[in-house]
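Only one structure is covered here, and it is reproduced in the block below.
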């Protein structure tokens with residue numbers, strides 16, 4: 001069983017989390033490198049909740065999933081037309097990490113249940129301008145597959 005959905009917006013990577021101790025309030029505070037991460041993860045979570053088919057989610061932590069994700073970005077005007085691939089930041093793995101964490105508790109119990117990528121499906125970063133057949137703006141196209149037990 002699988003389902004797909006699209007999340008509009010500029011894909012945001014999940015960078016490192018920094019923690020520090022504040023003596024005044026006697027607490028450890030954690031913060032993300034990226035200020036837009038919280039909003040991006042909320043967008044993914046909202047779209048996942050809308051798209052998830054009935055009966056897809058299970059509390060069984062042994063359930064395995066596979067994923068495919070295509071991240072769409074606008075090509076900066078400074079990039080030459082002959083450049084077709086995004087070989088610069090953000091890193092694909094950090095973009096995926098934000099995606100995995102955003103769907104935790106909605107599509108699966110924990111992102112450790114994602115065992116890999118859907119065979120013959122594409123997981124990559126793309127410039128919209130290199131794919132004229134794409135009719136939407138920047139964002140992420142996600143396909144999640146629930147494997148048979």
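The values are calculated or read from the model by the stated rules, or taken from the named source; none is laboratory data. Just so we're clear, the structure is a prediction, and the values are computed from it rather than from any experiment. Here the Cβ is made from the backbone with ideal geometry for all residues, glycine too, and neighbour counts use every protein chain on show.
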Q) If we keep just the residues of the range 124-149 that are out of contact with any strand residue (DSSP E or B) (no Cβ under 9 Å at 6 or more places or on another chain) and in a loop (DSSP other than H, G, I, E, B), which is surrounded by the fewest Cβ atoms within 10 Å (Cβ to Cβ)? A) 133
Q) Restricting attention to the range 128-146, which residues are at pLDDT 95 or above and on the phi < 0 side of the Ramachandran plot? A) 138, 140, 141, 142, 143, 144, 145, 146
Q) From the residues in the range 104-118 that are part of a loop (DSSP other than H, G, I, E, B) and touching a strand residue (DSSP E or B) at 6+ places or on another chain (Cβ under 8 Å), which one is farthest from residue 69 (Cα to Cα)? A) 110
Q: Kindly indicate which of 20, 56 is touching a strand residue (DSSP E or B) at 6+ places or on another chain (Cβ under 8 Å), free of Cβ contacts under 8 Å to residues at least 24 places away in the same chain and either over 24 Å from residue 141 (Cα atoms) or assigned to a loop (DSSP other than H, G, I, E, B) (or both).
A: 20
Q: Residue by residue through the range 23-53, note down the ones that are touching a residue at least 12 places away in the same chain (Cβ under 8 Å) and assigned to a strand (DSSP E or B).
A: 30, 31, 32
Q | Extreme residue, nearest to residue 117 (Cα to Cα), among residues of the range 1-20 that are surrounded by 10 or more Cβ atoms within 10 Å (Cβ to Cβ) and at pLDDT below 85 | A | 15
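For (1) over 12 Å from residue 144 (Cβ atoms); (2) without any contact (Cβ under 8 Å) to a residue 40 or more places away in the chain, each residue gets a yes or a no:
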residue: 67; (1), (2): no, no
residue: 70; (1), (2): yes, no
residue: 80; (1), (2): yes, yes
residue: 97; (1), (2): yes, no
residue: 100; (1), (2): no, yes
residue: 103; (1), (2): no, no
residue: 110; (1), (2): yes, no
residue: 121; (1), (2): no, no
residue: 125; (1), (2): yes, no
Q. Would you pick out the residues in the range 77-95 that are more than 13 Å from residue 13 (Cα to Cα) and surrounded by 10 or more Cβ atoms within 10 Å (Cβ to Cβ)?
A. 79, 83, 84, 85, 86
